[in-house]
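Values quoted throughout were computed directly from the atomic coordinates according to the rules given, and no laboratory measurement underlies them. Note that the structure is a prediction, hence the values are computed from the model and not measured. For neighbour counting, all protein chains shown are included, and Cβ atoms are generated from backbone atoms with ideal geometry for every residue, glycine included.
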Ligand code: SF4
Ligand code: SF4
């Protein structure tokens, strides 16, 4: 089997959030392989822990991906503030030509457009992908999983941080499909009675109060917060209310645009103009919506920049959905040139943490070796971009950890799914439930 066939067989997808099937990237031809260890979601530290615990596996993944894609250059991007913790990475890199690039501690350094610019000075064309400038970007955990795939080991576990209002903020490797409740308990349990979690991070994650939900291949971690926390209250507001408040209260100060990292990098994203679309009927809305098309939903405008506590990010999300439903394409300025103030207007993570009101939870989430043996796992058939996997097991059949339980539909973009524990299949819907005997 070739490298990309092994990756396909092992069910490797992007661990950085989107879940793009990794075998597709591995079969492209590029100049650079870029390992994304920039990790900028407040309170989550699983990429740092991955790099310090398994530097050899990550670097081997980079080396193998470089060979598979024909890349001449490899870069590992990590924040400078962690330099003293990177002895293992430096030693693993010593025998290679791969470069370690140290990045600033601001949000969102991990955004692909920003990471590509910061490490190579290349600018991805509007609505493009790193491949358009000869680069393939993968999260460090994805690269580690690629290396394991080359050794015949499928993806059955996930590295996650559990942070926020828990007794001991921690990073664990857990079986895919384990419940939120189980991993919160492993972190000593919540310190408050009523809480909700940001799944995948405060800035770009989803809010959930259902602790029976499973950890998937793309989940970077859980941030537990008391239900009365301002962030939970804000995120819980119905979308229509966010837009109604924005329509009446936005004074067009344009701070949201002035702090927008994509705008500062030279892309035509102007959330203050998108806010105008909330006031327009169908006749003008489409025009204002266009200014949202290149937004990466980083959340900085809503959670940091807006002095009125409005929701420009959510207005951009709505605009992008509107444009998509109408089949409209972005037709704005194609020239990309970083704003003269780009380097001077980054938002330091420390300031962001203060503004979010989570300073008390800003502690290291050290890796803790722990054996997880959940009685039950729920493994979704869709944990990736593309078509859901097709179940290939029957109800009440027995499976072992590592068995294939979901297959990629013929000719479709997708990813294989494997069982993360041994047991009996007790339900098959849009997920496969496996319970220990
Ligand atoms: S920062 Fe807030 S008030 Fe100012 S333009 Fe943006 S949404 Fe409106
Ligand atoms: S969420 Fe806001 S700050 Fe982030 S890219 Fe979109 S418009 Fe810019």
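Compared with the alpha-carbon gap, the fully stretched path from residue 362 to residue 31 is longer by 115.4 nm at 0.36 nm per residue. Percent of Cα pairs in segment 1-109 per distance bin of 10 Å, from zero to the largest separation: 14, 45, 35, 6, 0. Among 240-253, 32-45, the peptide with the highest mean count of other Cβ atoms within 10 Å heads the list, and the full ranking is 32-45, 240-253.
Note on segment 15-31 and segment 189-254: Cα centroid distance 29 Å, given to the nearest whole angstrom. With both labels modelled 7 Å from their Cα along Cα-to-Cβ, the residue 429 to residue 297 distance reads 2.3 nm.
Adding -39500 (n - 2.57) for every DSSP H run of four residues or longer, then dividing by how many residues the chain holds, sets the calculated 222 nm ellipticity at -8500 deg cm²/dmol.
Considering only Cα atoms, the convex hull volume of segment 335-392 works out to 244 Å³ per residue. Model label sites at residue 227 and residue 67, defined 7 Å from Cα along the beta-carbon direction, differ in position by 5.4 nm.
I'm a student and want to see the number: the projected area of the Cα convex hull of segment 322-437, averaged over all directions, in nm².
14.0 nm²
Here each label is just a point 7 Å from Cα along the line to Cβ, and for residue 279 and residue 237 those points are 1.8 nm apart. Packing, as the average of other Cβ atoms within 10 Å across residues, places the peptides 156-168, 257-269, 187-199 in the order 156-168, 257-269, 187-199, highest first.
Projection of the Cα convex hull of the chain, averaged over all directions and equal to a quarter of that hull's surface, yields 20.8 nm². The peptide list 359-367, 58-66, put in order of mean Cβ contacts within 10 Å with the highest first, becomes 58-66, 359-367. Dividing the alpha-carbon radius of gyration of segment 375-437 by the rule-of-thumb value 2.2 N^0.38 Å gives 1.04.
Calculate, for residue 245 and residue 345, the FRET efficiency according to 1/(1 + (r/R0)^6) with r their C-beta to C-beta distance and R0 35 Å; round to the nearest 0.05.
Given R0 = 35 Å and the Cβ-Cβ separation, E is 0.85.
Take the Kirkwood radius over Cα pairs of segment 237-355, plug it into Stokes-Einstein at 10 °C and 1.306 mPa s, and you get 110 µm²/s for translational diffusion.
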